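Here the structure comes first, spelled out in structure tokens, and everything after it is commentary.
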Amino acid sequence: MATEILRPNGAGDEADSVASGAATRHECVDEAVADDDTTYITDQGTAAQFTSLALDSTALTTETVNSVDAHGRARELTGGGSTWGVGVRLSGSNSMGSEFDLTNSYVSHEAAALARPGGGSWAVADLNSLQVRVRQSEGGASNECRTTQMYVEVNYTGVAAAITGTAGDGTTEVLIVAGGQTIIITLTGDTWVASGATFNAQRQNIIDGIAGSGGDTTDQLQDGLAVTDVVRTDNNTVTITASAIPGYNIASTATYQLTVPGTAVTGGSPIVATPTFVVTAGRAMPPFPNRTLRIWHHR
């Protein structure tokens with residue numbers, strides 16, 4: 001599972017804190033490596049105080065968001081009794097992790113796998129409106145909560161295309177000539193465009209995404225496939241069952257890279273499929289006719 005880090009980059013909906021060491025609240029807590037008492041935000045009273053901050057824009061597009069974690073680093077100044085928690089805010093609703101008792105030393109805390117504020121499942125579309133949120137409550141009038149770092153970690157499944165099948169797992173020239181070999185393309189984090197006319201219009205583009213090297217630099221495999229060989233099995237799977245290609249002729253092993261065209265998937269971006277697949281060179285000897293072979297020996 002991949003991750004993306006989103007750091008504060010502007011003001012959010014709540015501002016119950018004071019910036020120290022930098023001009024703005026988000027600049028006090030946006031560093032990748034915490035600077036502790038160099039820059040921080042502090043609470044303004046013994047009652048619970050909330051600060052929420054806007055985040056960097058996500059680079060994700062069609063990926064599947066599995067979970068969202070909030071992180072922060074904080075301490076109290078002195079005296080004891082201060083509590084602190086971190087979470088997220090989305091469209092006016094909040095999701096917070098557990099509260100922690102602060103000590104005089106900075107400690108990093110995590111609120112893992114937060115529920116989506118407002119309910120439902122996390123989606124990429126949520127991320128550009130998401131805010132990181134902190135709750136600070138000092139233990140007494142002479143005490144102080146200090147938060148020096150805040151950020152959100154997005155755990156997601158990336159977009160990928162996996163190649164399997166009889167040809168996808170490696171095949172031979174003889175079998176390509178005969179036909180019937182399969183190249184199965186399975187998407188993760190994206191889906192094929194709708195079945196019917198929309199998908200059918202993309203079948204040639206999918207074939208054109210096969211590029212050969214080594215023994216095939218003239219697109220023999222690509223040119224030998226027909227659009228009817230390409231079938232949308234389901235939302236995530238396409239199966240190419242190759243027609244016979246009598247003219248397929250390679251002198252050495254050919255390696256093929258398939259790139260799924262952006263026009264063929266709902267995400268709209270090309271996907272380089274893995275792994276590459278190979279066709280080993282070598283044609284079978286033609287069979288002897290069913291005849292008696294006589295060998296004459298002359299003395």
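The values are calculated or read from the model by the stated rules, or taken from the named source; none is laboratory data. Since the model is a prediction, treat every value here as computed from it, not as a measurement. Every residue, glycine among them, receives a Cβ derived from its backbone with ideal geometry; neighbour counts consider all protein chains shown.
Considering region 71-123 alone, what residues qualify as being surrounded by 18 or more Cβ atoms within 10 Å (Cβ to Cβ), among the small types (Gly, Ala, Ser) and within 29 Å of Thr38 (Cβ to Cβ)?
Listed by number, the residues that qualify are Gly72, Ala74, Ser82, Gly85, Gly87, Gly97, Ala111.
Across region 50-61, what is the number of residues that are of a type outside the set (Ser, Thr, Tyr), at pLDDT 95 or above and buried (at least 19 other Cβ atoms within 10 Å of the Cβ)?
Result for region 50-61: 4.
Within region 209-224, can one find any residue that is of a type in the set (A, V, I, L, M) and part of a helix (DSSP H, G or I)? Break it down stepwise before answering.
Applying the first criterion (of a type in the set (A, V, I, L, M)) to region 209-224 yields 210-211, 221.
Narrowing the set further to residues that are part of a helix (DSSP H, G or I) leaves 221.
Yes, that holds for at least one residue.
Show me the strands (runs of 3 or more DSSP E) entirely contained within region 27-127 in which 3 or more residues are under 30 Å from Thr188 (Cα atoms), among the polar types (S, T, N, Q) and out of contact with any strand residue (DSSP E or B) (no Cβ under 7 Å at 6 or more places or on another chain).
none
For Val238, all conditions in the list (1) in contact (Cβ under 8 Å) with a residue 40 or more places away in the chain; (2) β-branched (Val, Ile, Thr); (3) surrounded by fewer than 15 Cβ atoms within 10 Å (Cβ to Cβ) hold save one; what is the number of the exception?
(3)
Could you tell me which residue of region 58-87 is farthest from Tyr156 (Cα to Cα), considering only residues that are in contact with a Gly (Cβ under 8 Å, 6 or more places away or on another chain) and small (Gly, Ala, Ser)?
In this case the residue turns out to be Gly79.
So, Ala167, is that one under 29 Å from the mean Cα position of the chain (by Cα), more than 27 Å from Met1 (Cα to Cα) and surrounded by fewer than 19 Cβ atoms within 10 Å (Cβ to Cβ) or not?
No: the conditions fail for Ala167.
For region 174-203, how many residues are part of a helix (DSSP H, G or I) and under 21 Å from Val278 (Cα atoms)?
Looking only at that region, the number is 5.
Any idea which residue in region 1-26 is farthest from Asn94 (Cα to Cα), counting only those that are under 29 Å from the mean Cα position of the chain (by Cα) and part of a loop (DSSP other than H, G, I, E, B)?
Met1
Look through Ala23, Ala19 and report the one residue that is free of Cβ contacts under 8 Å to residues at least 24 places away in the same chain, touching an Asp or Glu at 6+ places or on another chain (Cβ under 9 Å) and over 30 Å from Thr188 (Cα atoms).
Result of the check over Ala23, Ala19: Ala19.
Does region 128-173 hold any residues that are part of a loop (DSSP other than H, G, I, E, B) and under 26 Å from Arg73 (Cα atoms), and which are they?
The answer is Asn128, Ser129, Leu130, Glu138, Gly139, Gly140, Ala141, Ser142, Asn143, Glu144.
Residues of region 234-274 being more than 14 Å from Ile163 (Cα to Cα) and not in a loop (DSSP other than H, G, I, E, B), which ones?
Asp234, Ala254, Gly262, Thr263, Ala264, Val265
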